[in-house]
Amino acid sequence: MAKLVSQSRFADPDAAFLALVEARRGLSREQAAALDTRLVLILANHIGDLDVLGEAIALAKASGPAPAL
Amino acid sequence: MAERTVGGKTTGAATERKSVYRYGYRHSPDQDAGAPVRRPVVVVGAGPVGLAAAIDLGRRGIPVVLIDDADRIGEGSRGICWAKRTLEIFDRLGVGEKLVAQGVTWKLGKLYHGDELVFSFDLQPEAGHKMPAFINLQQFYVEAALVERAEEIEAVEIRWKNRLTGIEQHNDHVRLTIDTPDGPYVLDADWLIAADGARSTARDLLGLSFSGVTFEDKFLIADIRMAADFPTERRFWFDPSFHAGQSALMHRQPDNIWRIDLQLGPDADVAEEQKPERVTARLKRMLGDRPFELEWVSIYRFNCRRLDRFVHGRVLFVGDAAHQVSPFGARGANSGIQDAENLAWKLAAVIKGEAGAALIATYETERIQAADENIAHSTRSTDFIAPHSEAERDLRDAVLALAGQAEFARRMINSGRLSVATVYDSSLVVPDEDAFAGPARLGAPLPDAPVRRRDGRDGFLLETLGDGFTLLAMDGEAPVAPPAGIALAAIGDEVRDVAGVVAARLDATPGAVYLLRPDQHLCGRWRQFDAGKVAAARDRVLAAGAGLS
Ligand SMILES: Cc1cc2nc3c(=O)[nH]c(=O)nc-3n(C[C@H](O)[C@H](O)[C@H](O)COP(=O)(O)OP(=O)(O)OC[C@H]3O[C@@H](n4cnc5c(N)ncnc54)[C@H](O)[C@@H]3O)c2cc1C
């Protein structure tokens, strides 16, 4: 079973962050959210591993604010 | 005999059903008997599932009384898509060829996002199967053909206008109260098959809960009569301009009838939406100026639910009485017919004393596995078509947006994963001791393949199988003599694998043998025939995998 890698993998993490920033530059929050959703799908498919995807979802959920009930 | 009326009347709210086959109530001597008459099997419900069960049991020589509270079929339009495995079962029951000739054969599905075609899928990419991937045919035609078939079978007696109103459970039978135009009577049955549909009386009488989910969205389902040359395909739209923000589905049926489903969302007003002028306006947006007539209109909310258990003492639940799914994927009647087929041979074997009652329990395990598969698929489809929230819809829309450019996204689009047979993960199979590749799977129905008779006639592999256990044997060096009670279907001289497709689909080598259950599911295979192993595998099935073999 593959594991999610949460150690940095980019040789230049700043450049990777910049690529994502530039992708949303000039977009409204709504447009950015839609872009991100497409990105999630593309990257999830690229990973192609349901276990890793599950771990990534868990990490994302755990690191965000709990939803207001 | 059936009397058929065509041409219905339009009422204020909607059009009523337009085709009816009407049958006659007949007084039965059982109604006058001093003490309740005892029957081996009573089936309640002459829908497609109860009819299939009665025919299958009758063909196996088991006397069946089939009761139905109505005396007609064709109340409303319902199922239209009949899947390959169901058609194969119909073929074994003797109505398959007739129904395929009557229906429209299709295999191509098309998916649109907005007004753009995103992709098409072929449901039967390979040739060499007797039955097509799907036919579309109004459910009442299927029911009428099954009634006609049942009437030909001596062992089956249909009693129209016989309504089940009471069940009393005893150790080895049930006592039924049945209402008729001549008043009620009591009938005993060793076994009751409850095929009385989604609103099952039998379920209520036994006080069983029927749990699952009900989807919020409402769907308008219309059958319209229209002369149009649209292709014979399943066409599904997400967010088309003629029905913005919602989904639409269009399917061809015989007689110039088209099925149209329009999603209306959760807040639609049912009474308002059924008004003919309103429906007509919606359809005109879709169809333009083509003239059409409304045949039938209804609004549905869909459920996915099932009974916790299908076997309750001597009462056996099948079809919609046992489980219900949303129609995306055409899994309702199709799975019900497969229930009937799974149950019929097992019950016949138990009644004839060839198997212990434990075999009945495997009906439940195998068909609950199938029901859960069907519920999971149709829930996923319904969730994709009608997302639960704006947040979920955004994700769905992202899949659609990517679909034009990315194959992976096309594969995620779910407008209904169409019904396929379940591969039983069952104690009734003997695990492979030799390695086999190819599409044939243990626990699954045998894949069909073309064969040719010695005299030159073309046919199909499934036609060579009997109603009981069959040993399919590839020509080899050693002669094959199956144990008593198992029929032989030899591939070699009389029936030939001319195209090599049998060998390819079964990964067959000379001398390989395959044991098929009476429902054509593969339960054991070996590279070389060994009478002892074959007999043990059959005995294992009849002993319900209880390790008795
Ligand atoms: C809009 C729509 C589209 C569908 N499309 C498809 C499709 O394309 N493919 C597919 O496979 N399925 C489809 N289905 C599902 C399919 O119609 C059902 O799954 C199927 O009818 C179930 O068959 P059944 O024999 O179990 O029950 P039913 O067809 O409901 O038959 C039950 C019978 O029992 C009788 N009965 C009830 N109570 C009693 C009583 N107390 N005493 C005596 N008799 C009684 C009734 O009169 C009825 O004749 C669709 C359903 C809908 C609503």
Open item on the list: Straight-line reach from A:Lys3: which lysines fall under 30 Å, measuring Cα to Cα and dropping same-chain residues less than 8 apart?
Closed with: A:Lys61
- [ ] Mind giving me the nanometre distance, one decimal, between the label points for B:Glu477 and B:Asp539, set 7 Å out from Cα along Cα→Cβ?
- [x] 2.8
Open item on the list: Using Cβ contacts closer than 10 Å as the measure, can you line up B:Trp526, B:Trp82 from fewest to most?
Closed with: B:Trp526, B:Trp82
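Largest first and in whole Å, what are the equivalent-ellipsoid semi-axes of region B:213-301 based on the Cα gyration tensor, each being the root of 5 times an eigenvalue?
Equivalent-ellipsoid dimensions as semi-axes: 21, 14, 13 Å.
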- [ ] Quantify how strongly other chains surround peptide B:409-415 by giving the mean number of their Cβ atoms within 10 Å of each of its Cβ atoms.
- [x] 1
Open item on the list: Please arrange B:Glu477, B:Glu341, B:Glu152 by how many other C-beta atoms lie within 10 Å of their C-beta, fewest to most.
Closed with: B:Glu477, B:Glu152, B:Glu341
Open item on the list: Please list 3J(HN,Hα) in residue order for region B:376-382, calculated via the Karplus relation 6.51 cos²θ - 1.76 cosθ + 1.60 where θ = phi - 60°; whole Hz, with x for glycine and proline.
Closed with: 4, 5, 6, 5, 4, 5, 5
Task: Which of B:Ser389, B:Ser419 has the fewest Cβ neighbours within 10 Å, and the rest in rising order - done: B:Ser389, B:Ser419
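Going through the cross-link list B:Lys161/B:Lys352; B:Lys110/B:Lys275; B:Lys98/B:Lys130, which pairs have a Cα-Cα distance over 20 Å in this structure? Write out the running numbers ahead of the final one.
Working: B:Lys161/B:Lys352 30 Å; B:Lys110/B:Lys275 30 Å; B:Lys98/B:Lys130 13 Å.
In this structure, B:Lys161/B:Lys352; B:Lys110/B:Lys275 exceed 20 Å between Cα atoms.
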- [ ] Could you calculate the FRET efficiency of A:Leu39 with A:Ala66 from 1/(1 + (r/R0)^6), where r is the beta carbon distance between them and R0 is 25 Å, rounded to 0.05?
- [x] 0.55
Task: Whole-Hz ³J(HN,Hα) from phi, Karplus 6.51 cos²θ - 1.76 cosθ + 1.60, for region B:90-95, glycine and proline x - done: 4, 5, 5, 7, x, 10
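Restricting to DSSP H runs of at least four residues, report the calculated mean residue ellipticity at 222 nm for the protein assembly as shown, -39500 (n - 2.57) per run over all residues, nearest 500 deg cm²/dmol. Provide the component values of the computation, followed by the final result.
Values: 16 runs with 195 residues, N = 618.
When only DSSP H runs of four or more count, the value is -10000 deg cm²/dmol.
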Task: Sparsely packed trypsin sites (Lys or Arg not before Pro) within region B:362-462, loop by DSSP, other Cβ within 10 Å at most 10 - done: B:Arg454, B:Arg457
TODO: Give the span of region B:383-431's Cα atoms along each principal axis, as three whole-Å numbers ordered largest to smallest.
DONE: 47, 26, 16
Task: Hydrodynamic radius by Kirkwood, which averages 1/r over all alpha carbon pairs of chain B, in angstrom - done: 24.8
TODO: Could you go through region B:203-210 in sequence order and give the Karplus-derived ³J(HN,Hα) for each residue, using 6.51 cos²θ - 1.76 cosθ + 1.60 with θ = phi - 60°, rounded to whole Hz, and x for Gly and Pro?
DONE: 4, 5, 4, 8, x, 8, 8, 10
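With all pairs of different alpha carbon atoms counted, what Kirkwood hydrodynamic radius in Å does the protein assembly as shown show?
On the way: mean 1/r = 0.0372 Å⁻¹.
Radius from the Kirkwood sum: 26.9 Å.
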Task: Calculated SAXS-style log₁₀ I(q)/I(0) at q = 0.13, 0.22 Å⁻¹ - region B:450-542, Debye, Cα scatterers - done: -0.39, -1.11
Task: For region B:333-420: rounded, prolate or oblate by the Cα gyration tensor [a/c cutoff 1.5] - done: prolate
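Quick note: the coordinates plus some simple rules give every number you see, no bench work behind them. The structure displayed is predicted, hence computed values, not measured ones. Neighbour counts run over all protein chains shown; Cβ positions are idealised from the backbone, glycine included.
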